[in-house]
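So the structure is just underneath, and the comments pick up after that.
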Amino acid sequence: MENKELVKVNEKEVATLGDGQVFIKRTPHGAIKSICAKLKLEETKGELANIQGNVTITAAGYNTLNKIASISIFTPEKLTLPDGQIVVNPFPVFDKESGSIEKVWVRKTAIGYAPSGNLVITSTTLLYDIRLYFVQDLIKKIKTNKAVGRITVESLLTEEEKGKGIFEPIQGKLGVYANLENTEAIKCFETFVQNKLFADRKAQTVAERNVLKKHPALAFSKVQATGQEKRHEVYIQVIGWNNDLTEHDYKKLATMYENGQNITNYKGIDVESFEVSGDVSDEDLKASADEEEINNEEENTIVHELTEKTAEPMKQIIIDTEKDKVKVPVGDENKLFDNNGKIKIEDLGDDPF
């Protein structure tokens, strides 16, 4: 955290936060009631990704923005599969022959304040299907390089092809043949193996990014960025609210929602809730990748390598527990930031900026 100088701006205060600015609104007694931050996201830091010409915010970028929005992410203990079966969350499905993970079901719930001041709950249940992404990856490679393999039925493969490749069924007898003596096909297979190794964490990262990007406080999926190729940057304005709700309140709200209760008001606060689609797009996968994956997106259609930076589930941020409340007198900027460089806020006001 650098250059935390405070100055008066139109009866508000502004703290410079690195390359961004944080506008602070206070009560008459000097305590912060809400903040409006303008934060800088950078492609070189893995916070942005250029996916087929569209610059979008990555999982790491949403983590940065959520330092201000302070949306809490919950992982319910159980989830319900489409067939009605209730299972643990996340729920891995294993391949019977190899014993390795084939797919992962995961459910995530996000709770936080919208810019309007209402509480909003977004939730999703998604299926992270590793084998399906492998097939998709192969097909994309085959479209530009026939030596990678072909779409066919297994009975039409020659003995020579069977000896140097694999066949993955898609529907009925139709499937994709991959020539594992081809470099591009080997890259697809390497991605496939990496996805299996980090399936649980990757599935959670994708789900968490999806509930954050659909929350009104952070609904900025595609952005108008500036800068050169692979060095894009953008400034995003985020509003954060302080409130009197505790961690217990947030957990209670999450439990009520997961139990199917229709929540429209909680302690005098209007509440909205909606389910986010569980479909996982190519953009979702790439934008939940780490910096190295993003920079090599032309070679890696789905995922190439995972590191702990963004393969880990997003940091669970709980707003304003009683022990975290801090009074911030006017002009005492040293008490504005905690040891991790996060802004501390309290005393919710009735209106946004």
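The values are calculated or read from the model by the stated rules, or taken from the named source; none is laboratory data. All values reported here derive from a predicted model rather than from experimental measurement. Counting neighbours? That spans all protein chains shown, and the Cβs are built from the backbone with ideal geometry, glycine included.
How about the range 40-67: which of its residues are touching a Gly at 6+ places or on another chain (Cβ under 6 Å) and farther than 19 Å from residue 205 by Cα?
Result: 40, single match.
Which residues, counting only those in the range 226-263, are more than 30 Å from residue 127 (Cβ to Cβ), surrounded by fewer than 16 Cβ atoms within 10 Å (Cβ to Cβ) and free of Cβ contacts under 8 Å to residues at least 60 places away in the same chain?
Across the range 226-263, the qualifying residues are 226, 228, 248.
Has the range 139-147 got any residue that is in a strand (DSSP E or B), closer than 19 Å to residue 191 by Cβ and among the small types (Gly, Ala, Ser)?
No, the range 139-147 contains no residue that is in a strand (DSSP E or B), closer than 19 Å to residue 191 by Cβ and among the small types (Gly, Ala, Ser).
I'm trying to understand the selection: among the residues of the range 182-202, which are outside any helix (DSSP H, G or I) and under 20 Å from the mean Cα position of the chain (by Cα)?
Scanning the range 182-202 gives a single hit, 198.
Within the range 151-166, can you find the residues that are farther than 16 Å from residue 187 by Cα and not acidic (Asp, Glu)?
Within the range 151-166, 151, 152, 153, 155, 156, 157, 158, 162, 163 meet the criteria.
Can you find a residue in the range 109-116 that is among the small types (Gly, Ala, Ser), assigned to a loop (DSSP other than H, G, I, E, B) and within 22 Å of residue 246 (Cα to Cα)?
Yes, the range 109-116 contains a residue that is among the small types (Gly, Ala, Ser), assigned to a loop (DSSP other than H, G, I, E, B) and within 22 Å of residue 246 (Cα to Cα).
Can you name every residue in the range 101-124 that is closer than 30 Å to residue 167 by Cα and touching a Leu at 6+ places or on another chain (Cβ under 9 Å)?
Residues satisfying the conditions are 101, 103, 104, 105, 106.
Test of understanding: among 283, 229, 293, which residue is within 14 Å of the chain's Cα centre (by Cα), more than 14 Å from residue 111 (Cα to Cα) and either part of a helix (DSSP H, G or I) or at pLDDT 85 or above (or both)?
It is 283.
So for the range 25-43 (the condition being modelled with pLDDT of 90 or more, assigned to a strand (DSSP E or B), in contact with a His (Cβ under 7 Å, 6 or more places away or on another chain) and over 23 Å from residue 122 (Cα atoms)), does at least one residue qualify?
no
What number of residues within the range 92-118 are among the polar types (S, T, N, Q), closer than 22 Å to residue 69 by Cβ and either surrounded by 18 or more Cβ atoms within 10 Å (Cβ to Cβ) or free of Cβ contacts under 8 Å to residues at least 12 places away in the same chain (or both)?
Total meeting the criteria: 1.
Looking at the structure I just gave you, is residue 132 of a type outside the set (Phe, Trp, Tyr), within 29 Å of residue 219 (Cβ to Cβ), without any contact (Cβ under 8 Å) to a residue 40 or more places away in the chain and out of contact with any Ser or Thr (no Cβ under 6 Å at 6 or more places or on another chain)?
Spelling it out, residue 132 is indeed of a type outside the set (Phe, Trp, Tyr), within 29 Å of residue 219 (Cβ to Cβ), without any contact (Cβ under 8 Å) to a residue 40 or more places away in the chain and out of contact with any Ser or Thr (no Cβ under 6 Å at 6 or more places or on another chain).
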